[in-house]
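Student: Pasting in a structure now, in structure tokens, and then I'll have a few things to ask.
The values are calculated or read from the model by the stated rules, or taken from the named source; none is laboratory data. Here the structure is a predicted model, which means the values were calculated and not measured. Quick reminder, even Gly has a Cβ in these numbers, built from the backbone with ideal geometry, and neighbours come from all protein chains shown. These accessible areas exclude ligands, DNA and RNA; they are computed on the full protein's heavy atoms, side chains included. Shrake-Rupley method; radii C 1.70, N 1.55, O 1.52, S 1.80 Å.
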Amino acid sequence: MIHYHGLPITPASAAAKVLSGRHAFVSYLNPQQLEIAIEACQSFAVDNGAFSAWKSGRVMNWPDYFDWVESIKRLPGFDFAVIPDVIDGDELQNNELIDAWPHEPWLSAPVWHMHESIQRLQVLARNWPRVCIGSSGRFATVGDSKWWHRMGEAMNAICDDMGRPICKLHGLRMLNPEVFRHLPLTSADSTNIAQNIGIDSAWRGTYMPPDKDWRAMIMAERIESMNGASCWVKHAPQESLFGDAA
């Protein structure tokens, strides 16, 4: 599984150090460390910024995002771009955004939101080489019991009899080992490092790392010490694994 670390990570020295030989997730709304990702990473993917825009109430200009992807998609380290989506939108809105997307399918990934129908997930998985899974609606809290119950429904619907997904899956905001190690994801991302290396209260004790560069390295090593599942245990009783989903 590819572990994508969300940018920006500050200071830039920490970003450069931790990303060397790793993988980055660059947001269209915060692209200031794109050059670091291009030069330091094995590969990078780009996010459309919809989640940040949704949280801040910003209205997106999607043609500008189309042009930005066009300008970078031929770089050797470029992996994929997340197709525009509306976080709490309906299926019609999100299908219209997919229809408007101008780039090649092999470098593109639509988003299935967990509040949407399982049928839509199946359609996306049959028609796209990679699908992103986004936590939303009643299932916005990654890793709680409702979320795991819904994820079980999703995996049962798009995995074959051997538990293998019919397309590549990317977990948005799912780069937590307690989450991704149970799922047959090709990749996942989070801004865990970016959010936590600056919280001094979380780094106390006798062996506290001397600076943010080392904090970033320690977090990356911990995250990447685990891999995603090789397959989904189809029809497993989710409640016994992850608690009551009621």
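Student: Over the Cα atoms of the chain, how large are the radius of gyration and the largest Cα-Cα distance (Dmax), in Å?
Tutor: 17.9, 55
Student: Then there's this: Output the relative contact order of the chain, whole-number percent, from Cα pairs under 8 angstrom with separation of 6+ residues. Don't skip to the end; give the middle numbers.
Tutor: On the way: 435 pairs, mean separation 50.1, N = 246.
Relative CO of the chain lands at 20 percent.
Student: Step through the residues of region 139-156 one at a time and calculate ³J(HN,Hα) from phi using the Karplus curve (6.51 cos²θ - 1.76 cosθ + 1.60, θ = phi - 60°), rounding each to whole Hz and writing x for Gly and Pro.
Tutor: Each residue's phi maps through the Karplus curve to give 10, 6, 8, 4, x, 7, 5, 5, 4, 5, 4, 5, 5, x, 4, 5, 5, 4 Hz.
Student: Using the basic label-point model (7 angstrom from Cα toward the beta carbon), what is the I218 to Q122 distance in nanometres?
Tutor: Output for this residue pair reads 4.8 nm.
Student: Going by amide H atoms built from the backbone, whose H comes under 5 Å of the H on I2, apart from near neighbours?
Tutor: Excluding prolines and chain starts, which carry no amide H, the hits are S187, A188.
Student: Go through region 94-99 residue by residue and turn each phi into a ³J(HN,Hα) via Karplus (6.51, -1.76, 1.60, θ = phi - 60°); whole Hz please, and just put x for glycine and proline.
Tutor: Values per residue, Gly and Pro as x: 6, 5, 5, 5, 5, 4 Hz.
Student: Also, quick follow-up: Which of the lysines could a cross-linker span from K73 if the Cα-Cα distance has to be under 29 Å and same-chain partners fewer than 8 positions apart are dropped?
Tutor: K17, K55, K168
Student: Can you tell me which of 69-76, 4-11 comes out highest on packing, and rank the rest after it, using the mean Cβ neighbours within 10 Å?
Tutor: With the highest mean Cβ count within 10 Å placed first, the list reads 4-11, 69-76.
Student: Cross-link candidates for K146: which lysines have Cα within less than 19 Å, leaving aside residues fewer than 8 places away along the same chain?
Tutor: Leaving aside lysines fewer than 8 places away in the same chain, those within reach of K146 are K234.
Student: To the nearest 0.05, how large is the calculated FRET efficiency for S56 and D160 if R₀ is 51 Å and r is the Cβ-Cβ distance?
Tutor: Efficiency, from the Cβ-Cβ distance: 0.80.
Student: Quick one: pull the percent of accessible area on the chain belonging to carbon and sulfur, 1.4 Å probe, ligands and nucleic acids left out.
Tutor: Here it works out to 52 percent.
Student: Through the Karplus equation 6.51 cos²θ - 1.76 cosθ + 1.60, θ set to phi - 60°, convert the phi angles of region 46-57 into ³J(HN,Hα) values in whole Hz; use x for Gly and Pro.
Tutor: The phi angles translate into 10, 9, 6, x, 4, 5, 5, 5, 4, 5, 9, x Hz.
Student: As a check on your grasp of the helix formula, calculate [θ] at 222 nm for the chain: sum -39500 (n - 2.57) over DSSP H runs of n ≥ 4, divide by the residue count, round to the nearest 500. Before the final figure, lay out each step's value.
Tutor: Details: 11 runs with 94 residues, N = 246.
When only DSSP H runs of four or more count, the value is -10500 deg cm²/dmol.
Student: Where does each of 134-147, 92-105 land if you order them by average Cβ count within 10 Å, highest first?
Tutor: On the way: 134-147: 17.3, 92-105: 13.4.
Highest to lowest by the protection proxy: 134-147, 92-105.
Student: Would you please give the FRET efficiency between Q32 and T186, computed as 1/(1 + (r/R0)^6) with r the Cβ-Cβ distance and R0 = 25 Å, to the nearest 0.05?
Tutor: 0.40
Student: Now for a different question. Starting from the amide H of I197, placed 1.01 Å from N in the peptide plane, find each other amide H under 5 Å away whose residue is 5 or more places distant or on another chain.
Tutor: For I197, no residues qualify.
Student: Roughly how many Å² is the accessible area per residue of the chain, as a whole number, for a 1.4 Å probe?
Tutor: 47
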